[in-house]
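What follows is a single structure, written as structure tokens, with notes after it.
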Amino acid sequence: MSNLHNVSNIDIICAETGRAISHIENMEEKIVNEALAVLEEQGPYAMILYLKARHGKVFNKIEKEVKALLQEVFQNKVNNQSKALEMVSVLAEDLDDLLFTREILRNTLAYARYHLKAKKSREESL
């Protein structure tokens, strides 16, 4: 983790990004669950490709959040890339970075799912 610069609490960053993803217009728990499944089975690059191919209505906003997350955590290592796929490709050059990327994306999507469940629960109680 020596390539990380002054990242204070990665779990908080994941939680905040998950919350932002849950607030994307047209975001559904199903989308997050599918993204998690692809992430677990094939990894971060496949997850991003899947979202782009299958969930175009929310992809640009998800990509924006994922890019901000990766830039905050990995900083100089990914700042020259303009797309999330490019960032993940750079991070995949180092196995530790790739596994860490997978872990923070997993945590982020889990938080997004929890936020969506809480939002749905609030709406049902009204």
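The values are calculated or read from the model by the stated rules, or taken from the named source; none is laboratory data. As the structure is a computational prediction, the values presented were derived from the model and not from experiment. With ideal geometry, Cβ positions are generated from the backbone for all residues, glycine too; neighbour counts draw on all protein chains shown.
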| Candidate set from segment 100-126 (those that are crowded, with 16+ Cβ neighbours inside 10 Å and among the aliphatic types (A, V, I, L, M)); member that is nearest to the chain's Cα centre (by Cα) | L105
| message | Against the definition (free of Cβ contacts under 8 Å to residues at least 24 places away in the same chain and either surrounded by fewer than 17 Cβ atoms within 10 Å (Cβ to Cβ) or more than 16 Å from E34 (Cα to Cα) (or both)), how does V73 come out, yes or no? | response | no
| field | Yes/no for V90 being within 17 Å of L116 (Cβ to Cβ), modelled with pLDDT of 95 or more, of a type in the set (A, V, I, L, M) and in contact with an Asp or Glu (Cβ under 9 Å, 6 or more places away or on another chain) | value | no
| request: For D97, work out the one condition from (1) touching a residue at least 40 places away in the same chain (Cβ under 8 Å); (2) surrounded by fewer than 17 Cβ atoms within 10 Å (Cβ to Cβ); (3) more than 20 Å from Y114 (Cα to Cα) it doesn't fulfil. | output: (2)
| query | Hey, does segment 39-51 have a residue that's crowded, with 17+ Cβ neighbours inside 10 Å, of a type in the set (S, T, Y) and either closer than 14 Å to S22 by Cβ or touching a Pro at 6+ places or on another chain (Cβ under 9 Å) (or both)? | reply | no
| query | Which number in (1) surrounded by fewer than 13 Cβ atoms within 10 Å (Cβ to Cβ); (2) free of Cβ contacts under 8 Å to residues at least 60 places away in the same chain; (3) assigned to a helix (DSSP H, G or I) marks the one condition that E65 misses? | reply | (1)
| task | Determine whether S82 is of a type in the set (S, T, Y), surrounded by fewer than 14 Cβ atoms within 10 Å (Cβ to Cβ) and either in contact (Cβ under 8 Å) with a residue 60 or more places away in the chain or farther than 23 Å from A118 by Cβ (or both). | result | yes
| request: Would you mention how many residues in segment 84-126 are among the aliphatic types (A, V, I, L, M) and not in a helix (DSSP H, G or I)? | output: 2
| Between residues in segment 17-43 that are on the phi < 0 side of the Ramachandran plot and residues that are of a type in the set (D, E), which pairs lie under 7 Å by C-beta distance while being six or more apart or on different chains? | T17/E65; A20/E65; I21/E65
